[in-house]
1. Explain nothing, just the number: relative contact order of segment 6-73, from Cα pairs under 8 Å at least 6 residues apart, as a whole percent.
2. ³J(HN,Hα) across segment 18-34 via Karplus (A = 6.51, B = -1.76, C = 1.60, θ = phi - 60°), whole Hz, x for Gly/Pro?
3. Once a ≥ b ≥ c are taken as the square roots of the eigenvalues of the Cα gyration tensor of segment 31-74, is the result rounded (a/c under 1.5), prolate (a/b larger than b/c) or oblate (a/b not larger than b/c)?
4. Would you compute, from DSSP H runs of 4+ residues alone, the mean residue ellipticity of the chain at 222 nm, taking -39500 (n - 2.57) per run and dividing by the full residue count, rounded to the nearest 500?
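Read the figures in this text as sums done on the coordinates, not as results from a lab. All figures in this text were calculated on a predicted structure; none of them were measured in a lab.
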Amino acid sequence: MADPVRVDWNRSPVSIHHNSIEALQSLLLHLLEQHGITKHSIAMPDREEGGFVAFLYQVCDPAWIVEWQQQMEE
């Protein structure tokens, strides 16, 4: 899971992308448990870029995603 999460902050809603559906599900669970992010889509295939995508419908601090990524690299 060393691949970085790609985040498109310029779209509404914000989209998060990864090559692994398990990684996206793990990130969504982290955002829920650690930061109370409950408004998001399920992780689904990304038909435009390949891999998988999920959408965030709440404000998310970029540092929270970096925090999760660092935990995955440990």
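1. 33 percent
2. Whole-Hz 3J(HN,Hα) from phi for segment 18-34: 7, 6, 10, 5, 5, 5, 5, 4, 5, 5, 4, 5, 4, 5, 5, 6, 8.
3. oblate
4. -11500 deg cm²/dmol
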